[in-house]
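Have a look at the structure below, then the notes.
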Amino acid sequence: MNCSFTAVMDSVLSSMPSDVWLSRVESSEKTLSVSVEGHAASFDSVSGAVSLLGQRREFSDVRLVSTHSSGSNGVVYVDFSLTAALKKPAQVAASGQAPDTKGTVQ
């Protein structure tokens, strides 16, 4: 597929709102997918993360797998997990969107 974990991680991280913290990011070249687990300040923040990730040209079929409200020391947060399909580079190019040059050395 020719898609590096670093590129996937950069795309995921740049899609997260500032009040979302990731605890696990796993990508699979075999299944062309990415799984993300983390914590957020609110359910709205989780919704924002799903929406922003869905807008990235590298991903499709972004799905929220689970959410659970928890907390400690009086601080409440939302645990979540989500999955997304990774598009092949040819699919991204065919989407007609300009390439993402963030972090690209020219």
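What follows is calculated from the coordinates using simple rules that are stated; it is not laboratory data. Quantities reported herein were computed from a predicted structural model and do not represent experimental measurements. Don't worry about glycine lacking a Cβ; one is built from the backbone with ideal geometry, like all the others, and counts go over all protein chains shown.
In region 26-46, the qualifying residues are those that are touching a strand residue (DSSP E or B) at 6+ places or on another chain (Cβ under 8 Å) and among the hydroxyl-bearing types (Ser, Thr, Tyr), and the one that is surrounded by the fewest Cβ atoms within 10 Å (Cβ to Cβ) is 28. For residue 23, the conditions (1) farther than 24 Å from residue 88 by Cβ; (2) part of a loop (DSSP other than H, G, I, E, B) are fulfilled apart from (2). Evaluate the following for residue 12: is it of a type in the set (A, V, I, L, M, F, W, C), in contact (Cβ under 8 Å) with a residue 24 or more places away in the chain and either within 14 Å of residue 81 (Cα to Cα) or surrounded by fewer than 12 Cβ atoms within 10 Å (Cβ to Cβ) (or both)? It is true that residue 12 is of a type in the set (A, V, I, L, M, F, W, C), in contact (Cβ under 8 Å) with a residue 24 or more places away in the chain and either within 14 Å of residue 81 (Cα to Cα) or surrounded by fewer than 12 Cβ atoms within 10 Å (Cβ to Cβ) (or both). Among the residues of region 76-88 satisfying the criterion of being farther than 18 Å from residue 22 by Cβ and out of contact with any Asp or Glu (no Cβ under 9 Å at 6 or more places or on another chain), which is surrounded by the most Cβ atoms within 10 Å (Cβ to Cβ)? Of everything passing the filter in region 76-88, 88 is surrounded by the most Cβ atoms within 10 Å (Cβ to Cβ).
Taking region 51-66, which residues are buried (at least 18 other Cβ atoms within 10 Å of the Cβ) and either of a type in the set (Gly, Ala, Ser) or in a helix (DSSP H, G or I) (or both)?
Of region 51-66, the ones buried (at least 18 other Cβ atoms within 10 Å of the Cβ) are 53, 56, 58-59, 62.
53 - this is the single residue of region 51-66 that is buried (at least 18 other Cβ atoms within 10 Å of the Cβ) and either of a type in the set (Gly, Ala, Ser) or in a helix (DSSP H, G or I) (or both).
Restricting the first member to region 27-52 and to residues that are within 21 Å of residue 72 (Cβ to Cβ), and the second to residues that are basic (Lys, Arg), the beta-carbon pairs closer than 9 Å and six or more apart or on different chains are 37/24; 38/24.
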